[in-house]
1. How many residues does the range 13-48 contain that are surrounded by 19 or more Cβ atoms within 10 Å (Cβ to Cβ) and in contact with a Leu (Cβ under 8 Å, 6 or more places away or on another chain)?
2. For residues that are open to solvent by 100 Å² or more (accessible area, probe 1.4 Å) and within 15 Å of N19 (Cα to Cα), tally how many sit in the range 64-78.
3. Give the residue, chosen from L108, L98, L37, L63, that is farther than 28 Å from D24 by Cα and of a type in the set (A, V, I, L, M, F, W, C).
4. Test each condition in (1) out of contact with any strand residue (DSSP E or B) (no Cβ under 7 Å at 6 or more places or on another chain); (2) aliphatic (A, V, I, L, M); (3) modelled with pLDDT of 95 or more for A75 and report the one that comes out false.
5. List, please: which pairs have Cβ atoms under 8 Å, are six or more places apart or on different chains, and start with a residue in the range 36-58 that is over 14 Å from D100 (Cα atoms) and end with one that is among the basic types (K, R) and surrounded by fewer than 21 Cβ atoms within 10 Å (Cβ to Cβ)?
6. Taking the range 131-146 as the search range and keeping residues that are assigned to a strand (DSSP E or B) and among the aliphatic types (A, V, I, L, M), which one is most open to solvent (accessible area, probe 1.4 Å)?
7. Residues I94, I99, I128, I118: which one is under 19 Å from K47 (Cβ atoms), surrounded by fewer than 19 Cβ atoms within 10 Å (Cβ to Cβ) and of a type in the set (V, I, T)?
Amino acid sequence: MKLTEHFTLEEFTHSDIANRLKIDNSIPAELMPNIHLTAIKLELVRKALGQPIIITSGYRCPLLNARVGGVSTSAHTKGLAVDFHSAYGTPKEICQRLIDTGMQFDKLIQEHNQWVHIGFSPSHNRQIVLTAFKQGGKTVYCNELI
Ligand SMILES: [Zn+2]
């Protein structure tokens, strides 16, 4: 099902882990407004980058989220966040570009130099920018883009 010009519902629900574990990761009807909001925002991200973006993790039902080690309050479980990469550049370059273009977001995370997490809020976007990296086997967050 097409959500916007460049994004489909399947891109938000697809998960290799969910498939392997036979977890039903379909989106509850009450979260569809959030999914639509996120898809509209991702069109702006795509436009800012001038490149397609590849969603590696979109919606996560609570069970899938727990299985991938996500925090229980994760915006992924509300359909308000995605992880992605893009041929535009490195995760840091992508984050910098989105900041420079004045993109509205709730949380933007440069994750482990591997992907970008972007989350949105239907009401108040906090413009939080973080870098996630491993330290002693644990993920830690730094309050700036590095
Ligand atoms: Zn994420």
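1. Number satisfying all stated conditions: 8.
2. Of the residues in the range 64-78, 1 are open to solvent by 100 Å² or more (accessible area, probe 1.4 Å) and within 15 Å of N19 (Cα to Cα).
3. When all the criteria are applied, what remains is L98.
4. That leaves (1) as the condition not met.
5. P52/R46; I53/R46
6. That would be V140.
7. Working: I94 fails: surrounded by fewer than 19 Cβ atoms within 10 Å (Cβ to Cβ); I128 fails: under 19 Å from K47 (Cβ atoms); I118 fails: surrounded by fewer than 19 Cβ atoms within 10 Å (Cβ to Cβ).
Residue meeting the stated conditions: I99.
The values are calculated or read from the model by the stated rules, or taken from the named source; none is laboratory data. Quantities reported herein were computed from a predicted structural model and do not represent experimental measurements. Glycine also receives a Cβ, built like all others from the backbone with ideal geometry; neighbour counts cover every protein chain displayed. Ligands, DNA and RNA are excluded from the accessible area calculation, which covers all protein heavy atoms including side chains. Shrake-Rupley method; radii C 1.70, N 1.55, O 1.52, S 1.80 Å.
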